[in-house]
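A quick write-up on the structure given underneath.
None of the figures in this text is laboratory data; all of them are computed from the coordinates on show. The structure presented is a predicted model; accordingly, all values stated were derived computationally and were not measured. Please note: Cβ atoms are built from the backbone with ideal geometry, for glycine as well, and neighbour counts cover all protein chains shown.
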Amino acid sequence: MSTYLRLSRVAVLLFSSLVLDTSAESPSMTAPPPISASDNSHTIADISSNTRAQYDALAKVLPGKVLLPSDATYQASRTSYFSKQEEEISPGCIVKPLNTEDVAAAVKALASVYESSHGSAKFAVKGGGHTPWAGSASIQGGAVVDMTSIKAVTLNSDRNVTSVGGGARWSDVYSYLEPEKLAVSGGRAAQVGVGGLTLGGS
Ligand SMILES: Cc1cc2nc3c(=O)[nH]c(=O)nc-3n(C[C@H](O)[C@H](O)[C@H](O)COP(=O)(O)OP(=O)(O)OC[C@H]3O[C@@H](n4cnc5c(N)ncnc54)[C@H](O)[C@@H]3O)c2cc1C
């Protein structure tokens, strides 16, 4: 960091609910298998009514972006936290938004199920997944909004404001700014998420 020639004023634009900017990557996503009684690892009988309601509400607005425990991509998300304790939590489903519109749709769907379940269908948000304790960015039996596909970093034309996606890590920011000869004070560990550190850090 000391080699940077000048400091940039970096505004981490915290999206009013969850996301930091409107740009996003578009990795290909595979549609989760339908929930069916013949599914080896996850039968209808296994799925709580809250999970079913959350899955249905999310899949309606974000088809192909909602993962169940029987999906390999679910396991990849569940086991990508910093701590083992957090990885031992099993959400009912995981939604992976690709842009701001997806985040808004997911939150709207989950808020509606939360209301109709009288507050029992809870959800959590995962940024960089670096908070060490269980339940910080995951939720047993609930829905997780996994922000990690939204990690674009952009610099404005005046080169004094940088917008950062809600799932970016500090490594994404540092590696983008360094060639621009700009810097920002962020996490010492570059794998820490921008979202969690900006909202609280430690
Ligand atoms: C090895 C290590 C090094 C660290 N170094 C530093 C350091 O140098 N400086 C420092 O201040 N802290 C440091 N921390 C603490 C770190 O800042 C916090 O744990 C921080 O919350 C991690 O952010 P995250 O996005 O990776 O976490 P997550 O665990 O994903 O999220 C933490 C909280 O923020 C919420 N959240 C995350 N992203 C979003 C989003 N886009 N929208 C809404 N909510 C969101 C989550 O819901 C959760 O409640 C370190 C932690 C570790 C384990």
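Quick look at the values:
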| item | result |
| --- | --- |
| 5 angstrom amide H check on Val125, placed H, neighbours 5+ away | Val145 |
| Subset of Lys60/Lys108; Lys65/Lys108; Lys122/Lys151 violating a 23 Å alpha-carbon distance limit | Lys122/Lys151 |
| Relative contact order computed over region 44-146 (Cα-Cα under 8 Å; 6+ residues apart), in percent | 36 |
| Chain lengthening between Ser185 and Ala72 when straightened (0.36 nm per residue, less Cα-Cα) | 37.1 nm |
| Prolate/oblate/rounded label for region 50-131 (Cα gyration tensor, a/c 1.5) | prolate |
| Region 132-178: chymotrypsin sites (Phe, Trp or Tyr not before Pro) in DSSP coil with no more than 12 other Cβ atoms inside 10 Å | Trp133 |
| Ordering of 55-61, 113-119, 71-77, 144-150 by burial proxy (mean other Cβ atoms within 10 Å per residue, highest first) | 144-150, 55-61, 71-77, 113-119 |
| Gain upon complete extension [Trp133, Glu87; 0.36 nm per residue less C-alpha separation] | 15.6 nm |
| Pair Ser117, Leu155: separation of 7 Å Cα→Cβ label points (nm) | 4.4 |
| For Arg169, residues with placed amide H under 5 Å, excluding near neighbours | Val194 |
| 5 angstrom amide H check on Val161, placed H, neighbours 5+ away | Asn156 |
| Table column - 3J(HN,Hα) (Hz), region 106-112, Karplus curve with 6.51, -1.76, 1.60, x for Gly and Pro | 5, 5, 4, 5, 5, 5, 5 |
| 3J(HN,Hα) from dihedral phi, region 180-194, Karplus parametrisation 6.51/-1.76/1.60, rounded to Hz, x for glycine, proline | 7, 6, 10, 8, 8, 7, x, x, 5, 8, 5, 7, 5, x, 5 |
